[in-house]
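> First the structure, which I've put down as structure tokens, then a few questions once you've had a look.
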Amino acid sequence: MRGVLLPMHLVREYLAVRKLRPDEGKSDFDRAHDVDTDGEFGGWTYLSDLNIPSSNWIEGHDYRAIEPDRFGGVLTSLGILFDEYTFVDYGSGKGRALLLASEFPFKEIVGLEFSPELHRTAEENIRRYRSPKQRCKNIRSVVVDFTEFDLPRGPLVLLFFDPCRGQVLEQVVSRIERSLMASTSPVYLAYVAPRLETERLLRSSKLLKEHSRNTLFNFVIYQRAGDPRDRNNG
Ligand SMILES: C[S@@+](CC[C@H](N)C(=O)[O-])C[C@H]1O[C@@H](n2cnc3c(N)ncnc32)[C@H](O)[C@@H]1O
């Protein structure tokens, strides 16, 4: 009986402590900006606790927000003129990456998230966010399964913070490849915390090639193969 009741008891105690000290365990980012981007349990929000209207949640990865240093590492290694680019976060959750991206002068910032609950929190965070460093206010969170999303036109930075695996990952990559075939704009795909299967899939694409890799923050950046702005091309 104890084995059955103990987990319930621990969760109840955890929630009670959070009520008494709501700031306890909050990330520096959330405290500094008075937003809610942290996951619920030790930094994680489990997809099995959410009502997601897509069967693809089975191959989705739980929510956790990207670390600001890691995010900064990704964007500063691109070497691009941000104001020409739209930033798209695949699996944007509560929107931390969208807020961090808004400190760069992107043309537009778009988050794709299939959990309506996480999306609503992201919208509230976008509304509340204040930072003297903010350079882009054209930010939106879209509630959508990203396998069904058509990429906007023009130069793009696509962020994947390891949001999914298996067939869902294959579907989203082939949708991106279809967009690449239909345009000539520069596209960068940054994959944070890639797994072996992810690397295999992205490397096998004839339309993408590796741009750079960072072992400290564990991310890889791919770019459109044949990007005319790439000095190593031709
Ligand atoms: C590791 S979190 C990334 C959070 C955010 N990108 C960040 O960097 O702070 C992965 C997110 O992907 C979302 N996700 C997974 N599969 C998805 C899909 N097929 N369509 C839309 N969102 C998805 C999950 O709900 C979760 O919020």
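> What's the ranking of 127-133, 157-163 by average number of surrounding C-beta atoms within 10 Å, highest first? Intermediate results must be reported in sequence, preceding the final value.
Values: 127-133: 10.6, 157-163: 23.7.
Order by mean packing, descending: 157-163, 127-133.
> Continuing with the same structure: Compare the peptides 71-80, 48-57 by average per-residue count of other Cβ atoms within 10 angstrom and give them in order, highest first. Please list the in-between numbers first.
Details: 71-80: 17.0, 48-57: 13.5.
Packing order, densest peptide first, comes out as 71-80, 48-57.
> Checking the a/c ratio against 1.5 first, then a/b against b/c, what shape does the Cα gyration tensor give for segment 104-155? Walk me through the numbers before you get to the answer.
Working: a/c = 3.88, a/b = 1.20, b/c = 3.24.
Oblate, because a/c is 1.5 or more while a/b does not exceed b/c.
> For the chain, what does the helix formula give at 222 nm: sum of -39500 (n - 2.57) over DSSP H segments with n ≥ 4, over the residue count, nearest 500 deg cm²/dmol? Write out the running numbers ahead of the final one.
Working: 7 runs with 77 residues, N = 234.
Taken over the chain, the calculation gives -10000 deg cm²/dmol.
> Let me ask something else. Let me check the size of the chain from its C-alpha atoms; what are the radius of gyration and Dmax in Å?
That works out to 18.6, 69 Å for Rg and Dmax.
> Run through the DSSP bridge list for the chain and note the antiparallel percent, rounded to the nearest 5.
Values: 15 of 36 bridges.
The answer is about 40 percent antiparallel.
> What ranking, highest mean first, results for peptides 117-126, 172-181 when packing means the other Cβ atoms within 10 Å averaged over each residue? Spell out each step's value before the answer.
Details: 117-126: 20.1, 172-181: 16.8.
Result, highest mean first: 117-126, 172-181.
Bear in mind these aren't lab numbers, they're just calculated from the coordinates by the rules spelled out. Here the structure is a predicted model, which is why all the values come from computation and not from measurement. Every residue, glycine among them, receives a Cβ derived from its backbone with ideal geometry; neighbour counts consider all protein chains shown.
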